[in-house]
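This report concerns only the one structure given below.
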Amino acid sequence: MNVIEIDNNGQLETYILHEYAKLSDCSILQKIGGSAILCSVCVDYDNPSEEEFLPLSVQYIEKMYAIGKIPQGFIKKESKPSEHEILTSRLIDRSLRPLFPKGFPYPVQITLLVMSYDGKTDVCKDSLNLASICLYLSSIPIYSTHILSAVRIVRYDEEVQICKSLADLAHSNLDLLVSGIDSGITMIEMQSLKTIKISSNDSCISESHITQDSCNKNDEQKMPYSYEEQSNEITEEKLLESIAFAHKHIQNLSLQYTKKFESFTKEKILFQRDSLLCDDLRHTLQTQYGDTIRAYVQELSKTERQSQLHRLIAKIAKEQNLEVSLVSRHVNAIKRDIVRTLILTQGLRPDGRTPTQIRDIHIESNLLPHVHGSACFTRGQTQALVTCTLGSQNDAQSQESIIMKNKKNILFHYNFPPFSVGEAYPIGASSRREIGHGNLALKAIESNVARSPYTIRFVSEILQSNGSSSMASVCGATLALLGAGEKMYNMVAGIAIGLIYQDAKNFVVLSDITGLEDCDGDMDFKVAGTKKGFSALQLDIKITSLQEDVLKISLQRAREGLSHILALMQEVAIQPNYELLPHAIEFAIPFGRMADIIGQGGKVIKDIIAKFNVNIDLNREHHSITLIGNNDNTLYAAKDYIFEILKKKERKELPYKIDSIYNGVVKKNLDFGVLVELPQGGEGLLRTIRLNQELEIGQTISVKIISNTNGKVELDMVVLQNNTTSYTNTDC
């Protein structure tokens, strides 16, 4: 059994090679702390794909037995992939895809099973590193001579650190995951994190409240806690500094991995990159049809270009007596060369724009009359209609995986119907791409959504798509949220940056790329941000790696593009329909009185909901209540009703000071203590007694007051020994 141990930044990683799942092309079991992940790579060399797209499939799977739990639901078995599993699978796929040789036709399946989880390790980053090592050791030829590795970076104010545990993210203002090799970066996933500071406010009054009236103006008084938050967008300089820090660690780790594993690498299969293309046929088609293809690229819109190219391919196949798939591969290769040559040599893009020019933008606000907030953001041939709906905390989405269990009160659903690209087939379930784009858009705006009593749901319907529909969704979501009368710390916009790369000295960075430039280019760099800095990034590349100078230019272009788009968004006149929007008030109640609002079996709270037609959200931690309803009158009536309930159930404060000693009479023995009648009226509870004999009903004892809250008195025992009074410190 081959076992390899590596010290990764103070964390011991153990890899067991080819001991489990031995029928795979390559398999490795990784152990870090109490976590264990099994990775396998399988290749189908007998059935090469004829598609031009790399037939790579990555599947990351979490097993509930990994944390000692049985899956919920009727079936009690893991079913369809969770959102976290899909996003992690996509992240690994995007990191590894650039390493494969161009035109690699053999289907590849990479499977990762999380079989044990200790609740501490970063399984996303660890799975990526494991999959990279497994790919390196397999029979698949890859470009890199070193193992790709990944690192997660956190930032505390000005200090940049390696994230050793997911707990490190709790107080960080940055979540940056970077993968790469010794020569450069292959993938970036970044989100600026909102930092929240909640502190108690001892001088608060129990009936103070925050209201949100029909004008959406806050009349804020003191709550039982103060709540401060910051959006924390990162500047270009700090982001580049963080990425450089990550890449330095990646280089060291990649070298360490390679030295440990290179002797275990399997023999690579022989694969000719140009085997799918015939040079003679390509030259013939270029000579006869090159000018026609160039005209299609430069003069036609996306839909027209696709239609004309399909007709041309069918015509050539018929005239030359060739298979349509063969002709299609060669015509698309010629088209790709034309697009890239025009941009590299003439700086001319297919639609006539300069490399820095952004397409025309048109914005409509609140175009849907019965929707809380809506916006239609059109940029060139890309159009996103985004809606915002406000609900109660009962509408929040519960999430449970081996990593987390929480509730999301900001949701983002991205839909990419077939008609958005002119295709004729039915709308089905959300694809992995749709889930990924929705998650990216949520990351982009989440840190700038101001604190709200509502659950907020965004839905982006892509009506047209020709590049960067996810970033159009970010712009639309910002406008839709403001259209719903909600506040943002800063408006957020998004842009996609592309790249045509020949070598380190000959490349062109493109602002606001179209679908054609994404397809035939070398990079899709989605960047979202505000006037203060960047809030989210997602980098995908097709070349082996990206150097830091190219990354720096790309971020500069993104910053310039975002400034242009934000200026146009700020000019939009937004008029929220306050009569349509729900209303909310938040107020505090005295400590320990939440049970009075709920009632036995929830009877009281259900009565309030039915009587006033409101939603009630209870914050037990901060003993506050939020009411959501259709108008302020109803909400304030419900609030007054709640305080009437509290007043009726209010217990009279008993006149006993803490640490005072009294003689009391034992009144009743209970399972959890003893009720003692006190001399100035009322009763106290003596929870634990350390005596050799039980107390008798009617017996007089000495007790000390240890708590007197809301009419409830708790006692400790004072024992007489040798005619003297002594205090026995018993547990209560």
Quick calc: nm separation of the 7 Å Cα→Cβ label points for LYS668 and GLU323 -> 8.8
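Please give the charge dipole size of segment 619-666, origin at the Cα centre, charges +1 on K and R Cβ atoms and -1 on D and E Cβ atoms. Round to the nearest 20 debye. Mind dumping the intermediate values first?
Details: 8 positive and 7 negative charges, 40 e Å.
Charge dipole of segment 619-666: 200 debye, to the nearest 20.
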Those helices of the chain passing the 15 Å axial Cα length cut-off and the mean Kyte-Doolittle cut-off of -1.0 (DSSP H runs only) are 83-96, 123-137, 236-261, 324-346, 432-446, 469-483, 548-570, 632-648
Taking protein heavy atoms only, a 1.4 Å probe, and rounding to whole percent, the accessible area of the chain owed to carbon and sulfur comes out at 49
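Considering only protein heavy atoms, what per residue accessible area in square angstrom results for segment 553-629 with a 1.4 angstrom probe?
Numbers: 3840 Å² over 77 residues.
Solvent-accessible surface per residue comes out at 50 Å².
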Ordering 566-575, 171-180 by per-residue average of other C-beta atoms within 10 angstrom, highest first, gives 171-180, 566-575
Projected onto the charge dipole of the chain (unit charges on the beta-carbon of Lys, Arg, Asp and Glu, signs +1, +1, -1, -1), the Cα from GLY515, GLY698, SER89 with the largest positive-side position is that of GLY698
Toy charge model, Lys and Arg Cβ at +1, Asp and Glu Cβ at -1: the chain dipole around Cα centroid in debye, rounded to 20, equals 600
Mean Cβ-within-10 Å packing, highest first, puts peptides 34-41, 291-298 in the order 34-41, 291-298
To the nearest 0.05, the calculated FRET efficiency linking ASN630 and ASN394 through their beta-carbon distance, R0 being 22 Å, is 0.90
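Based solely on its DSSP helices, what 222 nm [θ] is calculated for the chain when runs of n ≥ 4 H residues each add -39,500 (n - 2.57) and the sum is averaged over all residues, nearest 500 deg cm²/dmol? Intermediate results must be reported in sequence, preceding the final value.
On the way: 13 runs with 209 residues, N = 732.
Helix contribution divided over all residues of the chain: -9500 deg cm²/dmol.
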Per residue, accessible area of segment 1-65 with a 1.4 Å probe, heavy atoms of protein chains only, in Å², comes to 51
Treating only Lys and Arg (+1) and Asp and Glu (-1) as charged, each at its beta carbon, one finds that segment 1-116 has a dipole about its Cα centre, in Debye to the nearest 20, of 460
Taking a ≥ b ≥ c as the square roots of the Cα gyration tensor eigenvalues, with a/c under 1.5 meaning rounded and otherwise prolate when a/b beats b/c or oblate if not, segment 616-659 comes out oblate
In this structure, among LYS63/LYS407; LYS505/LYS552; LYS31/LYS125, pairs with alpha-carbon gaps over 19 Å are LYS63/LYS407
With the charge dipole of the chain built from beta-carbon charges (+1 for Lys and Arg, -1 for Asp and Glu) about the Cα centre, the Cα from GLN161, ILE343, PHE458 projecting farthest to the positive end belongs to PHE458
Taking the dipole of segment 547-607 about the Cα centre (Lys, Arg +1; Asp, Glu -1; charges at Cβ), the one of ILE553, GLY592, PRO576 that reaches farthest to the positive side is GLY592
Probe 1.4 Å, heavy atoms of protein chains only: per residue, the accessible area of segment 386-495 in Å² is 36
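The values are calculated or read from the model by the stated rules, or taken from the named source; none is laboratory data. Computed from a predicted model, the values in this text were never measured in an experiment. No Cβ is skipped: glycine too gets one built from the backbone with ideal geometry, and neighbour counts run over all protein chains shown. Heavy atoms of the whole protein, side chains included, go into the accessibility calculation; ligands, DNA and RNA do not. Shrake-Rupley method; radii C 1.70, N 1.55, O 1.52, S 1.80 Å.
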